[in-house]
Amino acid sequence: MTDAREIRATLVASAAVLLTGTALHSVFGGWRWWGPVLVATAVGMLSGTVSRRVRLPLALQPLLGAAVLLVVCTARFASTEAFAGVVPTRASWAQLRQLYSYGLHDVTASTPPVHATQGAMLLATLGVGLVAIAVDLVAVSADRPSLAGIPLLALIVIPASAESDGIGIWSFLLAGLGYLALLASEMHARQLRWGRSLRGDPSGARLAEVAAGSTGWRISVVALGVALLVPLAIPGADHRPFRGGSGSGSSSTTVVNPLVQMSADLHDQRRTDLLTVHTDTPTYLRLTALEQFGANGFTLRQLTAGNDAKVSHGLPAPQTGSERIATMAVRERVNATGGLDERFLPVPQSPTEVNVDGDWRLAQPTGTIFSSRTTTRDKIWTVSAAVPAPSVAVLRAAGTPDAPSTPYGQDLDIDLTVPDGLPSVVEQTAHEWAAQAGATTSYDIAAAIQAQLTGPTFSYDLNPGIGPGLDGFRQFLQIRRGFCEQYASTMVAMLRTMGIPARVAVGFTTGTQQTDGSYLVTNQNAHAW
């Protein structure tokens, strides 16, 4: 292969990976994922070029590409544990493995769009990087562009299987265009070789050049049109290559587990300003509450709300559960930066009035204000709330787990559910702590568990090495190290095993007060409770 042809083949292969990579938009929210796609594609193509320049055997070229990809991922995601910030070490490898497990959990346990967390971005970088290495190996080094469609298929199949509404018509067309460019380049090369074989007949070479410039693209375009139109013409086919709104008055969304995004925010070493809050009574800003408790821990139920649930139509009066519970009046003006791109609106607990641009709705079961059509990015809103401030006496009067003062009702069944497979040590420890404190009321039991978790035997650690899943509860109680995700989730799990309804709230702490009296909330204020 000549140098000019190799450069052309490399550029076509790079374009094919990038065009096909646009399908990831149906998996990840926002555009942060595009950076890893660009970097990973560059790694695959540049490592392949270097391999060919040093005449590395074909079988060893992917090993060089994988090594370069590891260095890039180390520099991007585990630089603090790497030698000189780029050379992998045992500690950086452990950090990458932990981040990989978080990312895998992000993607498998969540319904798209998945937030661009550090773990998810590591998965995207690794996935696209390996595909780019394979495409370069097959299309350029092995000179078989048509076979490069096999690794490219992974960048289509995974997003298409994850998103019920398809990958989008533009991603479909761009991915098809990328592969067809590979086909056309192969036709071009073969026809030029055929033209050169017609010795002594310059017209034959010119004919081949004309054919290479037109026939391949005509066949490619026809193939793309057939791939797009035929499934739509088949009666009963449920093929939706593009997504579209329902047009109904109901709005619903299922998003990534907010614990995942919170964990990513806390682990991000770069400080990102998210919110500026103007208020005289700073409170935690609540995004949502996680009620579903399953094999993957606590996750968010699907949020659904009709037209009558738009916050612009007003909010229902907060239900405190008792007329005796005092409330604290809170009013805030919140300015979101471009760094906060959420489909949840951060507000104090029990909002009574919200003024915000866009279609935002209240999902009653969790008290979550969400939007399926816009995000918080660069938005400004005002909110009034009646935050519950019950006294200890009122909380104790709520009764015991076996005899609550007010029956829980079916709507709280989800907040009492404990999955099969939860390690028995969770319930055993909860009963031990309650017995040690002599706690009998639901409040006293909760206070006893909280006192133990915030006591001297537990320590805060952002990297406790605890894996996802139910066994993580056992690990946390064993090593007694973790951050707010482990503390909040474990306390909720313990309360449920004791018969006390509980759920995990996710949001932000009050932030840091500025000289003008406002409060600055950054990614380091992400919190679960």
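The values are calculated or read from the model by the stated rules, or taken from the named source; none is laboratory data. For clarity, every value in this text was computed on a predicted model and none was experimentally measured. Note that each Cβ is placed from the backbone with ideal geometry, even for glycine, and that neighbours are counted across all protein chains shown. Ligands, DNA and RNA are stripped out before the accessible areas are found, and what is left, the full protein with its side chains, is counted by its heavy atoms. Shrake-Rupley method; radii C 1.70, N 1.55, O 1.52, S 1.80 Å.
Residues being open to solvent by 50 Å² or more (accessible area, probe 1.4 Å) and at pLDDT 85 or above: count how many of those fall in segment 312-342.
Residues in segment 312-342 being open to solvent by 50 Å² or more (accessible area, probe 1.4 Å) and at pLDDT 85 or above: 10 in total.
Just one of (1) assigned to a loop (DSSP other than H, G, I, E, B); (2) open to solvent by less than 60 Å² (accessible area, probe 1.4 Å); (3) hydroxyl-bearing (Ser, Thr, Tyr) trips up residue 429, so point out which.
Exception for residue 429: condition (1).
Out of (1) at pLDDT below 90; (2) surrounded by fewer than 16 Cβ atoms within 10 Å (Cβ to Cβ); (3) closer than 15 Å to residue 125 by Cα, what's the single condition that is false for residue 85?
Against the list (1) at pLDDT below 90; (2) surrounded by fewer than 16 Cβ atoms within 10 Å (Cβ to Cβ); (3) closer than 15 Å to residue 125 by Cα, residue 85 comes up short only on (3).
Here is a list: 94, 59. Which entry is among the aliphatic types (A, V, I, L, M) and modelled with pLDDT of 90 or more?
59
Starting from segment 361-386, take each residue that is under 29 Å from residue 412 (Cα atoms) and list its partners that are surrounded by fewer than 18 Cβ atoms within 10 Å (Cβ to Cβ) and not charged (D, E, K, R), counting only C-beta distances under 7 angstrom and pairs at least six apart or across chains.
Sorted first by the residue in segment 361-386, then by its partner, the pairs are 363/304; 371/358; 372/252; 386/318; 386/327; 386/329.
Could you say whether any residue in segment 400-407 is in contact with a helix residue (DSSP H, G or I) (Cβ under 6 Å, 6 or more places away or on another chain), open to solvent by 50 Å² or more (accessible area, probe 1.4 Å) and not β-branched (Val, Ile, Thr)?
no
Looking at this structure, is residue 509 touching a strand residue (DSSP E or B) at 6+ places or on another chain (Cβ under 8 Å) and either of a type in the set (Ser, Thr, Tyr) or open to solvent by 30 Å² or more (accessible area, probe 1.4 Å) (or both)?
yes
Of the residues that sit in segment 269-305 and are within 30 Å of residue 520 (Cα to Cα) and of a type in the set (Phe, Trp, Tyr), which one is least open to solvent (accessible area, probe 1.4 Å)?
Top of the filtered list is 298.
Filter segment 448-475 down to residues that are farther than 27 Å from residue 99 by Cα and in a loop (DSSP other than H, G, I, E, B) and give me whichever is most open to solvent (accessible area, probe 1.4 Å).
456
What tally of residues in segment 1-46 results from selecting those that are more than 25 Å from residue 184 (Cβ to Cβ) and among the small types (Gly, Ala, Ser)?
4
Please go through (1) open to solvent by less than 50 Å² (accessible area, probe 1.4 Å); (2) outside any helix (DSSP H, G or I); (3) in contact (Cβ under 8 Å) with a residue 12 or more places away in the chain for residue 440 and return the number of the only condition it doesn't satisfy.
Among (1) open to solvent by less than 50 Å² (accessible area, probe 1.4 Å); (2) outside any helix (DSSP H, G or I); (3) in contact (Cβ under 8 Å) with a residue 12 or more places away in the chain, residue 440 violates only (1).
For segment 97-128, which positions are under 17 Å from residue 267 (Cα atoms), at pLDDT 80 or above and open to solvent by 30 Å² or more (accessible area, probe 1.4 Å)?
The answer is 97, 100, 123.
Counting just the residues of segment 145-154 that are touching a residue at least 24 places away in the same chain (Cβ under 8 Å) and not polar (S, T, N, Q), which one comes out farthest from residue 124 (Cα to Cα)?
145
Tell me which of these residue 445 doesn't satisfy, since it passes every other one: (1) under 27 Å from residue 263 (Cβ atoms); (2) open to solvent by less than 20 Å² (accessible area, probe 1.4 Å); (3) β-branched (Val, Ile, Thr).
Failed condition: (1).
Is it true that residue 478 is in contact with a helix residue (DSSP H, G or I) (Cβ under 6 Å, 6 or more places away or on another chain), open to solvent by 40 Å² or more (accessible area, probe 1.4 Å), over 24 Å from residue 347 (Cβ atoms) and part of a helix (DSSP H, G or I)?
No, not satisfied.
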